[in-house]
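A short worksheet on the structure shown next.
The values are calculated or read from the model by the stated rules, or taken from the named source; none is laboratory data. Nothing here was measured: the structure is a model prediction, and the numbers come from that model. Backbone-built Cβ (ideal geometry, glycine too); neighbour counts: all protein chains shown.
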Amino acid sequence: MGCNLAFAALVQSEVENIIGKTAKDFFPEHIANENVIIDKKVLKDFKTLSSEFILHPNSNQMKHILLNKTAYKNIDGSVGGIVCVMDDITQLVQQKQFLIQQNKLAEMGDMIAAIAHQWNEPLVELSAQVQDIQTSYLLGELKDANVQDFVNDSMIQIQYMSKTLSDFRNFLKSSRRKKLFSISKALNEINEIIGRQVFYLNIIMSFNYENKNEEILIYGYENEFKQVLLNIINNAKHKLKDMQKDENTQKYKIDINIKRCDLHNQIEICDNGKSIDENIIDDIFNPYFTTKKNGTGLGLYMAKIIIEDKMQGSINVKNMDEKVIFTIKIPHKIGMI
């Protein structure tokens, strides 16, 4: 093994003490063994391979390392060895984690607003029932049957409120591993959360399946996927709500179109509100980019990370026929086609 000063600093040693040694002398056994496997693949295929690992130079430090390895040949065509480039990406990882946390806080704010909206109706109903029971008592008309009806009706409202809290709590949980899940079930849960808000804003939201009899399964992180869809639908809802202040005649719609393609499942989210300015449409997935007054500019950035980095899919947006269309494609799991 040979190295430069940067590598020597990373492993907290001197260059002369590193030359001639192997990865096992400087890295934990599991990292060294993984590198041996990578080396064999690099020498066999002559392709550059990348990997990431966490290194603890000392008890007070933790570094995220990006490793790129490629083989090289001598002038005579024989294998000369492997060149390894290591980058300390700790700061980038920390920045991404910070952005994720910021986005989570923004999502929680939206969720709290949604909970308040969902609870409004049962709270009004409970208030009316309490007033009715009080009036009956003051008038001397309160009967055992009235009390039992009050208890039964109140418990229905309380159970609904409890279920709402449970739904929102589950929605915000991070999925620990990839799994197969039903897209129709995911969309039904999204509708439970945002459907009433959309309805009260006189926005028509529809879920359109190309084949209504086919159960479409997606392989990935279920809760994160639902958060992506909810974020896009929420953005459309806010935009259409603002437009209603100026135009009361147009019927505003959010259409979610779902179909199974040969290589992937596709979800389109379309709204018939104002088109996105073509000068900025390529920037909307960038971190901190927002056109909303109090927006964080993180929702669509996180959507891109979830769909493309975590689920190996794609997400894009375009204007078409006075509509804004977000298209998400998630590849089929191997063995499902």
| note | Only one of Ile328, Ile269, Ile306 is at pLDDT below 90, in contact with a helix residue (DSSP H, G or I) (Cβ under 7 Å, 6 or more places away or on another chain) and closer than 27 Å to Glu214 by Cα, namely Ile306
| field | Filter result for Phe225 (surrounded by 20 or more Cβ atoms within 10 Å (Cβ to Cβ) and modelled with pLDDT of 90 or more) | value | yes
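If I filter segment 88-104 for residues that are over 20 Å from the mean Cα position of the chain (by Cα), among the β-branched types (Val, Ile, Thr), at pLDDT below 85 and under 30 Å from Ile54 (Cα atoms), do I get at least one hit?
Kept after step one, since they are over 20 Å from the mean Cα position of the chain (by Cα), are these residues of segment 88-104: 88-91.
Next, from what is left, pick out any that are among the β-branched types (Val, Ile, Thr): 89-90.
If we keep only those that are at pLDDT below 85 too, we end up with 89-90.
From what's left, under 30 Å from Ile54 (Cα atoms): 89-90.
Checking segment 88-104: at least one residue is over 20 Å from the mean Cα position of the chain (by Cα), among the β-branched types (Val, Ile, Thr), at pLDDT below 85 and under 30 Å from Ile54 (Cα atoms).
Let's see how each residue does on (1) over 21 Å from Lys318 (Cα atoms); (2) surrounded by 19 or more Cβ atoms within 10 Å (Cβ to Cβ); (3) assigned by TED's automatic domain parsing to the domain that holds Ile305:
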{"position": "Glu192", "(1), (2), (3)": "yes, no, yes"}
{"position": "Met205", "(1), (2), (3)": "no, yes, yes"}
{"position": "Asn231", "(1), (2), (3)": "no, yes, yes"}
{"position": "Asn235", "(1), (2), (3)": "no, yes, yes"}
{"position": "Met243", "(1), (2), (3)": "no, no, yes"}
{"position": "His264", "(1), (2), (3)": "no, no, yes"}
| query | Quick one: is Asn213 among the polar types (S, T, N, Q) and not in a strand (DSSP E or B)? | reply | yes
